[in-house]
Protein chains: 4
Amino acid sequence: MSKGRVEAFSDGVFAVAATLLIFNVQIDKTAPGELLGALLAAWPKYAVYVASFLTIGVIWMNHHGLFERIFHLDRTLVFLNLLLLMAIVFLPFSTAQLGANIQVPRDANTVASLYAINASVIAIFFGAVWTYALTHPRLLVADLDRLAAFRAWPRFSVGTVVYLACIPLAQISPIAVVVVCAALAIYYMFERLPDISRQPAAGTRPHS
Amino acid sequence: MSKGRVEAFSDGVFAVAATLLIFNVQIDKTAPGELLGALLAAWPKYAVYVASFLTIGVIWMNHHGLFERIFHLDRTLVFLNLLLLMAIVFLPFSTAQLGANIQVPRDANTVASLYAINASVIAIFFGAVWTYALTHPRLLVADLDRLAAFRAWPRFSVGTVVYLACIPLAQISPIAVVVVCAALAIYYMFERLPDISRQPAAGTRPHS
Amino acid sequence: MSKGRVEAFSDGVFAVAATLLIFNVQIDKTAPGELLGALLAAWPKYAVYVASFLTIGVIWMNHHGLFERIFHLDRTLVFLNLLLLMAIVFLPFSTAQLGANIQVPRDANTVASLYAINASVIAIFFGAVWTYALTHPRLLVADLDRLAAFRAWPRFSVGTVVYLACIPLAQISPIAVVVVCAALAIYYMFERLPDISRQPAAGTRPHS
Amino acid sequence: MSKGRVEAFSDGVFAVAATLLIFNVQIDKTAPGELLGALLAAWPKYAVYVASFLTIGVIWMNHHGLFERIFHLDRTLVFLNLLLLMAIVFLPFSTAQLGANIQVPRDANTVASLYAINASVIAIFFGAVWTYALTHPRLLVADLDRLAAFRAWPRFSVGTVVYLACIPLAQISPIAVVVVCAALAIYYMFERLPDISRQPAAGTRPHS
């Protein structure tokens with residue numbers, strides 16, 4: 001499989017899934033003159049939209065970082081990548097449910113658990129793609145420091161653990177799940193995949 | 001026609017069609033506190049979502065494999081490819097109908113037949129693109145072993161036959177259709193297009 | 001403006017607009033056991049879906065053919081291209097209206113006119129992009145035979161005239177508009193932009 | 001981060017967001033024979049569709065112009081770009097609200113303010129991307145005239161100021177907001193980013 005088309009298809013799915021999140025932001029028809037109140041009351045939908053958009057964005061960034069280290073794709077890797085995308089496309093549904101029900105007693109716990117399960121499945125499939133690639137050196141770019149990559153493994157598994165911990169947390173505080181997921185997205189935005197190339201990265205040039 | 005833009009357009013359609021599948025997963029508004037039951041009762045929608053996502057994913061993979069063997073596209077090939085895409089874009093509709101009605105007596109048989117017809121049409125158009133390309137050698141990359149490609153023909157037609165057989169099967173067991181389609185997708189995920197190039201594939205390098 | 005990103009954005013819009021057409025195919029909820037009848041009664045929606053998908057497909061093909069002849073884009077050309085895309089994105093709306101109302105007396109005439117107006121506007125903006133490019137030689141690839149391109153102008157304007165003629169035709173026979181539009185799409189699928197390069201096209205190789 | 005995939009993801013989000021705008025154009029079901037009136041009465045939806053499509057189009061054009069000047073992306077720049085995309089994807093929601101309520105007293109003012117706030121946030125994030133890039137020379141292409149770029153800063157900030165001014169303007173005249181936003185889009189379509197390269201741009205060739 002050529003890397004280019006796998007990336008193009010993945011980027012397309014990421015972009016569409018992120019854009020479809022806006023459909024979770026909807027306002028029921030109001031009596032004339034009462035729209036302002038309805039727009040303000042919809043704040044959980046905006047919060048969930050931001051959390052999910054950042055989550056998809058950061059997965060896309062790390063997907064990108066992962067694929068920069070991959071030289072060749074076999075069928076299994078493409079299949080694992082498909083499963084990852086399948087879990088990501090599910091996020092607009094979880095997000096819509098969370099945004100619509102986060103203020104309904106009991107249902108809020110249900111949907112926050114659903115959201116945390118969805119995020120956990122994404123993290124697990126992402127880990128599967130990464131682990132499969134690392135354990136099949138012929139798929140990787142030649143100059144990769146695999147030991148450094150393995151040492152970074154625990155640091156990245158922590159995300160999966162946090163998402164899994166959010167499943168029971170949802171039964172206590174649904175809002176906390178949204179906050180944790182948004183915070184984790186921002187954390188991973190800046191906690192990049194370790195620089196595991198032995199050579200200076202392509203694209204580096206002296207400061208002007 | 002340049003191959004690049006045909007692939008870009010096709011990848012876009014595949015990615016959007018796969019992502020739109022999530023719209024089939026919708027829950028009717030429930031009384032407060034009853035969402036968990038509604039989410040669990042929606043399991044057929046998740047099952048159909050998985051079957052359709054994998055189906056689109058595997059068609060995309062084989063589309064990709066096919067286009068790697070194509071060197072040049074003429075208008076007829078682009079037209080056949082458009083018909084294939086048109087059938088693929090129909091799948092979110094069939095999927096939504098199947099997910100919504102698979103537990104309704106009689107309607108379940110109707111929608112499972114619709115789904116099988118849709119899958120059959122996709123398989124037939126895919127076969128048409130492949131057959132047209134194989135019978136027009138000037139469209140193919142130079143180093144292709146056409147005899148091997150022809151010998152692989154029956155093995156790939158079997159998918160079309162299975163989909164066609166699902167149309168009457170739907171009248172007996174709608175669930176069986178979903179299971180067969182998901183199984184066929186996973187089968188084709190790993191039963192790749194035969195390696196019909198006479199030369200080592202580009203991108204191969206010795207294991208490190 | 002680099003041609004690559006204009007093409008990527010245009011391909012994205014074409015792909016999404018074509019895929020959104022499936023949303024015009026929807027069935028109202030039926031009583032249990034009556035879905036088959038509803039699916040069969042929805043045939044105008046399938047017909048309109050096919051006509052619109054082929055229309056977008058053929059515009060994409062000719063857009064592609066046009067951009068192969070363009071070397072450089074200025075702001076005006078990008079703006080005209082944006083207007084063209086804006087008219088194309090409107091097609092899912094016209095299509096949905098046409099599919100939903102083609103059997104309602106009087107409304108069928110209204111929506112068929114709307115559809116023909118939409119198609120005419122697309123044809124006019126497509127012509128504007130083409131005419132602007134042809135009259136600004138510095139935007140074109142160097143080896144273009146502009147005289148041949150100008151001679152082909154009337155042959156391509158005929159599409160615009162047919163679409164414009166469909167606006168009053170819609171008041172007589174809405175179905176005829178669908179048939180004419182589908183036929184025109186298939187005609188333009190094979191009646192390609194004239195080969196106006198003076199040199200053999202890139203990508204040509206002797207038959208094997 | 002490789003520039004190519006950031007551009008591909010951004011182009012995907014731009015294309016999908018622009019295409020989803022068509023969902024704001026919807027007509028309530030009418031009594032048979034009364035569709036023409038409903039289609040004509042929906043004119044604010046068409047006007048808002050045009051204003052938003054051109055706005056997204058022009059942001060895409062200027063995004064493109066900006067990225068031509070960027071050589072390398074760091075995490076912060078990608079994060080700022082994500083925030084920009086997040087604000088752009090919100091526009092279909094603002095647009096739908098504006099189109100649906102622009103003739104409802106009081107609500108029209110509310111939604112026009114919402115629309116102006118959305119446009120302001122987009123402008124502010126766009127400015128943030130630009131300012132961050134300009135103040136980090138190692139991210140820029142080598143031959144950039146940074147002084148000229150800084151001198152152009154006020155001219156481009158004017159858009160942000162106009163959008164901010166539209167927030168109170170919306171309380172007086174909602175229609176004026178639509179007109180101003182459409183006019184600003186067309187203005188920015190032709191008021192390009194200053195030519196701040198010291199060398200002739202790539203892709204230039206003598207007129208034929």
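The numbers here are math on the coordinates, done by the rules we state, and not lab data. All values reported here derive from a predicted model rather than from experimental measurement. No Cβ is skipped: glycine too gets one built from the backbone with ideal geometry, and neighbour counts run over all protein chains shown.
List of remarks:
- For region D:123-177: rounded, prolate or oblate by the Cα gyration tensor [a/c cutoff 1.5]: prolate
- Shielding score for A:20-26, defined as the mean number of other chain Cβ atoms within 10 Å: 6
- Screening chain B for whole DSSP H helices with an alpha carbon extent of at least 30 angstrom along the helix axis and a mean Kyte-Doolittle hydropathy of at least -0.5 yields B:43-68, B:107-134, B:146-172.
- Candidates B:L77, B:L147, B:L169: whichever shows maximal mean-square fluctuation once chain B is modelled as a Gaussian network with Cα springs under 10 Å: B:L147
- If only the Cβ of Lys and Arg carry +1 and only the Cβ of Asp and Glu carry -1, the dipole of chain B around its Cα centre is close to 420 debye.
- Each copy carries B:Q171; placing its label point 7 Å along the C-beta direction from Cα gives inter-copy distances of 4.9, 4.9, 7.0 nm, listed from smallest up.
- Only Lys, Arg, Asp and Glu carry charge here, each on its Cβ (+1 for the first two, -1 for the last two); on that basis region B:1-72 has a dipole of about 160 debye about its Cα centre.
- GNM top mover of D:H64, D:H136, D:H72 - chain D, alpha-carbon springs below 10 Å: D:H136
- Using a 7 Å Cα-to-Cβ projection, A:D143 label spacings across copies, nm, ascending: 2.7, 2.7, 3.8
- Cα gyration tensor, region B:7-65 - rounded (a/c under 1.5), prolate or oblate: prolate
- Selected from A:I167, A:I122, A:I70 as most flexible by GNM, with chain A as the system and alpha-carbon contacts under 10 Å: A:I70
- What separates the Cα centres of region C:63-83 and region D:5-62 is a distance of 22 Å.
- Rounded FRET efficiency, nearest 0.05, which uses the C-beta distance separating A:A142 from A:T76 and R0 of 25 Å: 0.75
- Amide proton proximity set for D:I70, modelled H, under 5 Å, gap of 5+: D:V141
- Distances between copies at C:P32, taken between label points 7 Å from Cα along the C-beta direction, are 3.1, 3.1, 4.4 nm in increasing order.
- Taking a ≥ b ≥ c as the square roots of the eigenvalues of the Cα gyration tensor, the protein assembly as shown is rounded, since a/c falls below 1.5.
- Exceeding the 31 Å Cα-Cα cut-off - candidates B:K45/C:K45; C:K45/D:K3; A:K45/B:K45; A:K29/B:K45: C:K45/D:K3
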